[in-house]
Amino acid sequence: MSRRSGILEFAVLGLLRESPMHGYELRKRLNTSLGVFRAFSYGTLYPCLKTLVANGWLIEESGSSPDDALAATLAGRRAKIVYRLTAEGKEHFEELLSQTGPDAYEDEHFAARFAFFGQTSRDVRMRVLEGRRSRLEERLEKMRASLARTRERLDDYTLELQRHGMESVEREVRWLNELIESERAGRDLRGSVSGGTAQQDTSGATGGLPRPGETPRPDTPGDTAT
């Protein structure tokens, strides 16, 4: 399984944990709430759903009444299928949520993980945030060293592009520092004292996720190019 397909499976399981959905609704949520998946098509989503069904993590149910299903069949149309998370699927998703390995720190995977921080325990959130910060600090150090070596050979525009990339990483590091401090103080993203999970608002156009090349905002994780 490729890293990107693994991220898609993670996001699908997470969204279906909230409520059952049919394929069109699920794709819409992936596109509007999880901007990192904007490029995914039905041709990518449905094989993923079939795999999750085959693994026993999802079940397919009819989303129509018997009369509607019969009418769809007579008209030569497919009856609407609703996908529901099984108990095994919920257990698998919770296992994925608990993972804090290096993949969780990478750009796209981190964005997807952050979208489901509201379902993630605080200790796991802390490990993911600290791992992401360490990864970016390493990247920033390499960028600074590279710029120092090549500065004299770069034209003004290339130099400015390099600086812009560094500034984007620096902003995300500052943002991560703020998040980590909030987690340590027991505050959620609204500044109030919270329990075991953060109250991340994912109702916006990207659900708090960065689009490629987007400058990170105080409430949005930056997605920097590797």
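The values are calculated or read from the model by the stated rules, or taken from the named source; none is laboratory data. Since the model is a prediction, treat every value here as computed from it, not as a measurement. Glycine also receives a Cβ, built like all others from the backbone with ideal geometry; neighbour counts cover every protein chain displayed. What goes into the accessible areas is simple: the full protein's heavy atoms, side chains included, and nothing from ligands, DNA or RNA. Shrake-Rupley method; radii C 1.70, N 1.55, O 1.52, S 1.80 Å.
So how many residues does the range 127-182 have that are of a type in the set (Gly, Ala, Ser), surrounded by 12 or more Cβ atoms within 10 Å (Cβ to Cβ) and farther than 20 Å from residue 114 by Cα?
Residues in the range 127-182 being of a type in the set (Gly, Ala, Ser), surrounded by 12 or more Cβ atoms within 10 Å (Cβ to Cβ) and farther than 20 Å from residue 114 by Cα: 2 in total.
Restricting to the range 55-82, and then to whatever is surrounded by 13 or more Cβ atoms within 10 Å (Cβ to Cβ) and small (Gly, Ala, Ser), can you tell me which residue is modelled with the highest pLDDT?
Among them, the one singled out is 62.
Restricting to the range 93-110, name every residue that is surrounded by 14 or more Cβ atoms within 10 Å (Cβ to Cβ), in contact with a Ser or Thr (Cβ under 9 Å, 6 or more places away or on another chain) and either assigned to a helix (DSSP H, G or I) or at pLDDT 90 or above (or both).
97, 105, 107
Quick grid of which residues meet (1) at pLDDT 95 or above; (2) on the phi < 0 side of the Ramachandran plot; (3) part of a helix (DSSP H, G or I):
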site: 129; (1), (2), (3): yes, yes, yes
site: 146; (1), (2), (3): no, yes, yes
site: 178; (1), (2), (3): yes, yes, yes
site: 191; (1), (2), (3): no, no, no
site: 200; (1), (2), (3): no, yes, no
site: 203; (1), (2), (3): no, yes, no
site: 206; (1), (2), (3): no, yes, no
site: 209; (1), (2), (3): no, yes, no
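Which count do you get for residues in the range 30-54 that are open to solvent by 80 Å² or more (accessible area, probe 1.4 Å) and modelled with pLDDT of 70 or more?
So the answer is 2.
How many of the residues in the range 142-177 are of a type in the set (D, E, K, R) and closer than 20 Å to residue 103 by Cα?
Residues flagged as of a type in the set (D, E, K, R) and closer than 20 Å to residue 103 by Cα within the range 142-177 amount to 2.
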